[in-house]
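Novice: Submitted below is the structure of interest, expressed as structure tokens.
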Amino acid sequence: MKKLLIANRGEIAVRIIRAAHEMGIEAVAVVSEADRASSAADLADETAVIGPAPANLSYLNHEAVLQAAVDTGADAIHPGYGFLSENAEFARKVQQAGITWVGPNPDAIELMGDKSRARQAAIDAGVPTLAGTAGALDTSVDIEAIADEIGYPLLVKASAGGGGRGIRLIGSREEVRSTVEVAQAEALAAFNSSEVYFERFVTRARHVEVQVLGDGESWVHLGDRDCSMQRRQQKVIEEAPAPGLPDEVRQRMRDSSVELARQVGYIGAGTVEFLYDPDRREVAFIEMNTRLQVEHPISEAITGIDLVREQLRVAAGEKLGFAQEDIRFDGHAFEFRINAEDPDNNFMPSPGVIELLECSGGPGIRSDFGFTAGKTVMPFYDSLLGKLIVWAPDRDRAIARAVRALGESRIEGVKTTVPLMRRLIALDDFRSAQHHTTYIESVPGLLGVNP
């Protein structure tokens, strides 16, 4: 691998460019017309403009990205997360063009992208799952009877879903048919597939996940993470390892995730996601993300393993240089997602010029940002500016360090979610790990004057 094209933007593009440079690999940044002056463009060895600002005309344009790789002589493409990262069709096109795809094989992407098929694969691998339909729901049969058997409340979920979309809650038998029809319409509009399935709903659930890594012949896990602090099913704060899990639950989750990766012949970095029911002390499979996760730095922090470097090595045909017994877990880490949004005004996006951007430093502090002072936050894309990652020898010290780091961080010119992070980390429920996936919405006044 000599020249890597990064088919993404923002903080993840910067992250990948840095890893490539450390490995002696040239980096090509693809940019839209709006991103010509981005931090990724500044850091890359070469840039290629692939279209106008709208993502469907640039970052999601298969042919434009592939042509940029050909024009620049790139021999590999890293998709980051989002955009084309879990698009099996694009991955196949990359491989057919004779370019190395930094990610799992397209068949694995396709399998895990279909949530009902992924659920069945998880069952086959011995991964614990919630009660629900084994595959896509057949709406020509008595779906009320199926729902009755699972029990209420339950969720109807889009088979091709992701990012919290295509999910509806059903509270009673009378709601089943109409809610399924709405979910099918949403799924068709969002994912071009109306397939849905049922799954038992867990009240006050925690969202936990396992980082896996494989080379096609051997597979390991890099521990678990907790992503329970969410707003409208979008992660806000993550930590590793997940606090408060019973040892047997944690081990089963880790072992079964590795087994799932083994059974699908997984190559590269992936994440197996679960819901943890603290009342039943049970964990159950949600989905597998066949890409690098936004929160990968906290797994790096507690293991010392550079996940992007490993992705590039494995994609280049190298084998993992370590076995499970070689991985050591050390300390506790948090990641705070900093978005250009106003948390006190219904999270309205806040585009504009960043006048000041100063992140905290000191021991155990890492900042992964896609912007610097003077750069412009565009209104066309996701509002993530970057992530503040904090590590310490234990959770209590990590929280204390995070309080300091958030207090010292200053961003001016655009509104950000930093004030919300400061409020969240001060909560007793957060400090005692009693929060859950709907916690933010459940606390009156937490989101400011206009929640």
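The numbers here are math on the coordinates, done by the rules we state, and not lab data. The structure displayed is predicted, hence computed values, not measured ones. Positions of Cβ are backbone-derived with ideal geometry, glycine not excepted, and every protein chain shown enters the neighbour counts.
Novice: Whole Å is fine, so just give me how far the alpha carbon centre of the stretch 122-151 lies from that of the stretch 50-78.
Specialist: Centre-to-centre distance over Cα atoms comes out at 40 Å.
Novice: Quick one: compute the contact order of the stretch 206-442, relative version, from alpha carbon pairs under 8 angstrom and 6+ residues apart, as a percent.
Specialist: RCO, the stretch 206-442: 22 percent.
Novice: What is the chain's relative contact order, in percent, from Cα pairs under 8 angstrom and six or more apart in sequence?
Specialist: This gives 15 percent for the chain.
Novice: What ranking, highest mean first, results for peptides 219-228, 130-139 when packing means the other Cβ atoms within 10 Å averaged over each residue?
Specialist: 219-228, 130-139
Novice: Among PRO104, PHE322, ILE17, whose Cα sits farthest toward the positive end of the charge dipole of the chain (+1 at Cβ of Lys/Arg, -1 at Cβ of Asp/Glu, about the Cα centre)?
Specialist: Looking along the dipole axis, the top candidate is ILE17.
Novice: Calculated from DSSP H runs of 4 or more alone, at -39500 (n - 2.57) each and per residue, what is the 222 nm mean residue ellipticity of the chain, nearest 500?
Specialist: -9000 deg cm²/dmol
Novice: Express in whole angstrom the spacing between the alpha-carbon centres of the stretch 195-242 and the stretch 354-372.
Specialist: 26
Novice: Hey, got the dipole for the stretch 250-403? About the Cα centre, +1 on K and R Cβ, -1 on D and E Cβ, debye to the nearest 20?
Specialist: Computed about the Cα centre, the dipole is about 380 debye.
Novice: How long is the gain from ALA189 to ARG92 if the chain were fully straight, where each residue apart is worth 0.36 nm and the alpha carbon distance is subtracted?
Specialist: So the chain would gain 32.5 nm between ALA189 and ARG92.
Novice: Percent relative contact order of the stretch 345-451, based on C-alpha pairs within less than 8 angstrom and at least six residues apart?
Specialist: It comes to 32 percent, rounded to a whole number.
Novice: Can you compute the charge dipole magnitude of the chain about its Cα centre, using +1 on each Lys and Arg Cβ and -1 on each Asp and Glu Cβ, nothing else charged? Give it in debye, rounded to the nearest 20.
Specialist: Roughly 700 debye for the chain.
Novice: Just tell me which lysines come within less than 29 Å, Cα to Cα, of LYS3; anything on the same chain fewer than 8 places away is out.
Specialist: LYS93, LYS319, LYS375, LYS387
Novice: For a Förster distance of 25 Å, can you work out the FRET efficiency between the beta-carbons of ILE123 and ALA145, rounded to the nearest 0.05?
Specialist: Once the sixth-power term is evaluated, E becomes 0.70.
Novice: Show me 266-273, 346-353, 23-30 ranked by packing, highest mean number of other Cβ atoms within 10 Å first.
Specialist: In descending order of packing, they fall as 266-273, 23-30, 346-353.
Novice: Run the numbers for VAL443 and SER218: contour at 0.36 nm per residue of separation, minus the present Cα-Cα distance, in nm.
Specialist: 76.6 nm
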